[in-house]
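Peer 1: Quick one: the structure is below, questions incoming.
The values are calculated or read from the model by the stated rules, or taken from the named source; none is laboratory data. Only a predicted model underlies this, so the values are computations on that prediction, with no experimental measurement involved. Virtual Cβ from ideal backbone geometry, glycine too; neighbours counted across all protein chains shown. Ligands, DNA and RNA are stripped out before the accessible areas are found, and what is left, the full protein with its side chains, is counted by its heavy atoms. Shrake-Rupley method; radii C 1.70, N 1.55, O 1.52, S 1.80 Å.
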Amino acid sequence: MTKLKVGFYGITGCAGCQLSVIFQEDDLLDLLELVEIRAWPFIKDVNDDETFDYVFMEGLVATNEDKERLLKIRKNTKILIALGACAHTGCVPAYRHFTLQKNYAHLLYEKNKNISDVQPSPIDSFVQVDYVIPGCPPSKQEIRTFLKTVVLGNIPKSYDNPVCTECKLHNNGCLLEVKKPCLGPITRGGCNAICINGGLECWGCRGPTDDANLPVMVTILRKQGHGLKFIKDRLVTFAGTKMPAVRKLVYDKNNKA
Amino acid sequence: MGVYTLPRSQLHLFLAVLSKRSPVYVPVKRDAIRFEPYNGTIDFSDNAYFPIKEHFFRKRETILRFDGQKLITVRPTSSKKIFFGVRRCDLTALKHQDSIFQKQYKDPWYKAQRANTILIGYHCATPPNKYCFCDGMGLEEYQDLMFYEQKTQFLVEVTSVKGAALIKKYRRFFKKANKRITDADKHIKTRKLRKRDFNAIYDHHAWTAGVNKCLSCTACTAMCPTCYCYELHDELDTLKHGTRCRIWSSCQVKAFTRIAGNHVFREQREHRFKHRIYHQIQYFREQHGFDLCTGCGRCIAACPTRIDWVSIANKIT
């Protein structure tokens with residue numbers, strides 16, 4: 001059996017998602033034996049970026065350099081996986097989509113004029129993405145399961161139940177009941193409700209479920225007494241680009257963002 | 001089988017003594033009310049937020065392990081448990097779950113958890129919250145002892161052989177009472193769900209108000225004392241070793257009806273929303289002759305938007 005040719009790349013991002021792959025502790029060596037790592041610039045000196053079966057792409061496109069790199073890799077791989085929230089939703093950097101230019105223009109690469117700026121966007125704005133491993137950072141378990149599934153020749157399943165499903169399995173009381181602005185009901189689970197288990201409300205890092213009921217979520221947060229600015233900020237922090245309806249909320253005539 | 005009294009002041013002593021023998025699960029309030037091993041506090045201010053089903057039909061059950069080609073069956077383990085303060089809706093719900101997991105199918109994992117269980121009920125003198133609608137939902141006797149709270153004492157009704165044995169063992173706490181518990185004493189007056197053929201109103205526009213407020217968050221099915229759907233997962237530890245687990249599932253999400261080829265039968269939220277309600281009060285009755293729902297109202301109390309489907313259904317003429 002020929003080994004799958006795999007690459008790990010990072011464009012603009014914190015490299016935390018690649019660390020999630022590396023931090024597989026007990027399983028890492030087993031996993032690496034199953035695949036051929038052709039390229040991993042983060043930890044390898046010699047990287048062959050010609051032909052891949054699977055490429056895991058971390059980070060988002062924020063410069064022209066990122067974009068060129070992404071387009072090139074897409075051409076050289078059969079399957080492209082968005083690894084982590086930046087690649088999937090644009091995460092925090094994509095917040096720029098939801099604020100006025102005057103709020104950030106003076107902060108843009110003033111000292112590094114050679115960087116050509118692109119509106120920070122998730123990778124699916126530029127290329128076709130085959131699979132997504134969401135989360136900020138993605139769960140180690142999920143990465144491991146993904147790799148094992150493809151090595152066995154199976155099709156990976158994505159988890160699209162809301163965070164609440166797993167939250168209830170962990171016996172948590174509902175944070176919405178104690179007036180915490182939890183985005184669990186509209187956010188994709190698969191994280192084992194790790195934040196809520198620790199008492200922190202869900203911020204939606206894994207992006208919305210495919211049938212997220214955004215208007216009702218906003219109504220709940222309004223009833224809790226949160227202002228529109230707060231609600232908008234909370235909704236767009238991690239996954240604004242995946243919730244086009246938020247735009248209407250943001251640019252509503254009553255809202256001066 | 002007899003009625004006894006227990007002075008209110010003796011309740012905690014009784015529970016403490018009872019706890020020495022085996023864990024006694026009582027409703028305990030922290031952020032929400034859960035059934036937890038007795039530890040000096042007990043709360044009857046509201047119905048438990050989490051039903052007791054998780055102690056029998058567990059949230060996560062390992063069915064088998066596999067090691068290469070070898071399958072290793074995981075033998076269910078069993079331990080003695082006493083539940084105190086279970087309300088009538090939850091007792092009836094447990095009866096319904098028993099009929100599914102022990103009569104219709106023989107489920108060894110459920111059976112193991114369910115064996116050696118003593119159920120001590122707590123009668124609601126008044127409905128614990130405004131969402132209850134158990135009146136007319138066919139509540140049944142399914143406990144070993146039933147506690148009726150009064151001003152200075154509890155009336156304790158013995159309803160099974162197991163219950164009588166328990167009283168006998170702890171006879172020093174109880175005084176024989178010269179009283180009979182009548183059907184009127186057992187009755188709980190709540191609002192009612194109007195019984196009818198719900199198939200006739202499936203397409204009624206009134207449901208839309210509920211559907212539009214639904215987040216498909218699955219709180220209703222998780223908190224329901226009777227919902228019994230689960231899914232099976234194979235989880236790989238390494239490529240050769242792993243486990244097959246069963247985990248609670250919910251009809252409120254698309255994954256529930258996703259089949260090969262990525263087809264989803266209940267793609268629309270409306271159909272998923274109605275499916276839960278209809279299974280509880282229509283489809284189950286068609287198959288088994290009684291409603292699955294026992295009217296505890298948790299699906300409304302736990303719903304982030306408090307979708308009161310009972311009111312919606314009752315208003316449809």
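Peer 1: Amide H neighbours of B:Gly242 under 5 Å, at least 5 residues apart or on other chains, H built in the peptide plane: list them.
Peer 2: Placed amide hydrogens put B:Phe66, B:Asp237 under 5 Å from B:Gly242.
Peer 1: Could I ask something else about it? Only four residue types carry charge here, +1 at the Cβ of Lys and Arg and -1 at the Cβ of Asp and Glu. Report the dipole size of chain A about the Cα centre in Debye, rounded to the nearest 20. Don't skip to the end; give the middle numbers.
Peer 2: On the way: 33 positive and 28 negative charges, 270 e Å.
Result for chain A is approximately 1300 debye, rounded to the nearest 20.
Peer 1: Next up: Chains A and B: what accessible area do they bury, summed, in square angstrom to the nearest 100, with a 1.4 Å probe?
Peer 2: Details: alone 13600 and 15960 Å², together 27130 Å².
Result for this pair: about 2400 Å² buried.
Peer 1: Still on this structure, I have one more. Taking θ = phi - 60°, what integer Hz values does the Karplus form 6.51 cos²θ - 1.76 cosθ + 1.60 yield along region B:166-179, in sequence order, with x for Gly and Pro?
Peer 2: Taking θ as phi minus 60°, the curve returns 5, 4, 4, 5, 10, 4, 5, 7, 10, 10, 5, 10, 8, 8 Hz for region B:166-179.
Peer 1: Sorted by accessible area with a 1.4 angstrom probe, largest first, how do B:Leu18, A:Leu100, A:Leu29, A:Leu108 fall? If you can, show how the numbers build up before the last one.
Peer 2: Values: B:Leu18 0, A:Leu100 75, A:Leu29 130, A:Leu108 55 Å².
The residues order as A:Leu29, A:Leu100, A:Leu108, B:Leu18, largest area first.
Peer 1: For region B:6-62, what are Rg and Dmax over the alpha carbons, in angstrom?
Peer 2: 12.8, 43
Peer 1: Any idea of the accessible area per residue across region A:1-80, 1.4 Å probe, to the nearest Å²?
Peer 2: Numbers: 4200 Å² over 80 residues.
Accessible area per residue: 52 Å².
Peer 1: Please turn the phi angles of region B:122-131 into ³J(HN,Hα) values with the Karplus equation 6.51 cos²θ - 1.76 cosθ + 1.60 (θ = phi - 60°), one per residue in order, whole Hz, x for glycine and proline.
Peer 2: Running phi through 6.51 cos²θ - 1.76 cosθ + 1.60 with θ = phi - 60° gives 9, 7, 7, 5, 10, x, x, 8, 6, 8 Hz.
Peer 1: First compute the accessible area of region A:163-251 with a 1.4 Å probe, then give the percent of it belonging to carbon and sulfur atoms. Let's see the in-between values first.
Peer 2: Working: 2100 of 3470 Å².
Answer for region A:163-251 is 60 percent, counting heavy atoms of protein chains only.
Peer 1: If you wrap a convex hull around the Cα atoms of region A:1-60, how much volume per residue is inside, in Å³? Walk me through the numbers before you get to the answer.
Peer 2: Details: hull volume 5.0 nm³, N = 60.
Convex hull volume per residue, Cα atoms: 83 Å³.
Peer 1: Also, quick follow-up: Ignoring the sites themselves, what is the longest stretch of chain A with no trypsin sites (Lys or Arg not before Pro) in a DSSP loop and at most 16 other beta-carbon atoms within 10 Å?
Peer 2: On the way: sites that count: A:Lys3, A:Lys44, A:Lys111, A:Lys113, A:Lys157, A:Lys179, A:Lys253, A:Lys256.
It runs A:180-252.
Peer 1: Could you check what % of the DSSP bridge pairs in region A:4-151 are antiparallel, to the nearest 5?
Peer 2: Roughly 15 percent of the DSSP beta bridges within region A:4-151 come out antiparallel.
Peer 1: Another question, if that's okay. One-quarter of the Cα convex hull surface for chain A, in nm²? Before the final figure, lay out the partial values.
Peer 2: Values: hull surface 61.3 nm².
Dividing the Cα hull surface by four gives the mean projection, 15.3 nm².
Peer 1: Tell me the carbon and sulfur percent of the accessible area for region A:4-151, rounded to whole percent, probe radius 1.4 Å. Display every interim value, and only then the final one.
Peer 2: Details: 3800 of 7130 Å².
For region A:4-151, the apolar C and S fraction of the accessible surface comes to 53 percent.
Peer 1: Next question, about the same structure. Using just the helices of chain B, give the 222 nm mean residue ellipticity in deg cm²/dmol: DSSP H runs with n ≥ 4 each add -39,500 (n - 2.57), and the total is spread over all residues, rounded to 500. Intermediate results must be reported in sequence, preceding the final value.
Peer 2: Numbers: 11 runs with 80 residues, N = 317.
Here the helix-only value at 222 nm equals -6500 deg cm²/dmol.
Peer 1: Hey, another quick one. On the principal axes of its Cα set, how long, how wide and how thick is region A:163-251? Give whole Å, largest value first.
Peer 2: For region A:163-251, the Cα spread along each principal axis is 38, 26, 18 Å.
Peer 1: For a quick check of understanding: with a 1.4 angstrom probe and all protein chains in place, what accessible area in square angstrom does A:Val21 have, to the nearest ten?
Peer 2: 10
Peer 1: Hey, another quick one. Please give the calculated 222 nm ellipticity per residue for chain A, where each DSSP H segment of at least 4 residues contributes -39500 (n - 2.57) and the sum is spread over every residue; nearest 500 deg cm²/dmol? The partial results should precede the final answer.
Peer 2: Numbers: 11 runs with 87 residues, N = 257.
Rounded to the nearest 500, it is -9000 deg cm²/dmol.
Peer 1: Same structure again: Where Rh is the Kirkwood radius over the Cα pairs of region A:4-151, the temperature 25 °C and the viscosity 0.890 mPa s, what D in µm²/s does Stokes-Einstein return?
Peer 2: Values: Rh = 15.8 Å.
Taking Rh from Cα pairs, D becomes 155 µm²/s.
Peer 1: Students often forget the sequence filter, so: which lysines lie under 22 Å Cα-Cα from B:Lys162 once same-chain residues fewer than 8 apart are removed?
Peer 2: Within the straight-line limit of under 22 Å, B:Lys162 reaches these lysines: B:Lys20, B:Lys53, B:Lys80, B:Lys81, B:Lys95, B:Lys103, B:Lys111, B:Lys175, B:Lys176, B:Lys179, B:Lys186.
Peer 1: Let me ask something additional. Against the 2.2 N^0.38 Å scaling, with N counting residues, where does the protein assembly as shown land? I'd like the Cα-based Rg ratio to two decimal places. Walk me through the intermediate numbers first.
Peer 2: Values: Rg = 27.6 Å, N = 574, 2.2 N^0.38 = 24.6 Å.
Here the answer is 1.12, to two decimals.
Peer 1: Moving on to the next point. I want to verify the translational diffusion coefficient of chain B in µm²/s; compute it with Stokes-Einstein, Rh as the Kirkwood radius over Cα pairs, at 37 °C and 0.692 mPa s. Spell out each step's value before the answer.
Peer 2: Numbers: Rh = 21.3 Å.
Estimated diffusion coefficient is 154 µm²/s.
Peer 1: How much of the pair distance distribution for region A:28-97 lies past 18 Å, counting alpha-carbon pairs only, in percent?
Peer 2: Looking at region A:28-97, the distances longer than 18 Å represent 45 percent of pairs.
Peer 1: Can you run phi through the Karplus equation (6.51, -1.76, 1.60; θ = phi - 60°) for region A:42-59 and list ³J(HN,Hα) in whole Hz, with x for Gly and Pro?
Peer 2: Once rounded to whole Hz, the list reads 5, 10, 10, 7, 9, 10, 9, 10, 8, 10, 10, 8, 10, 10, 9, 10, 9, x.
Peer 1: Considering only DSSP beta bridges whose two residues both sit in chain B, what percent are antiparallel, to the nearest 5?
Peer 2: 75
Peer 1: Answer with one residue from A:Val246, A:Asn192, A:Cys202: the one whose Cα lies farthest towards the positive end of the charge dipole of region A:163-251, charges on Cβ with Lys, Arg +1 and Asp, Glu -1.
Peer 2: Of the listed residues, the answer is A:Val246.
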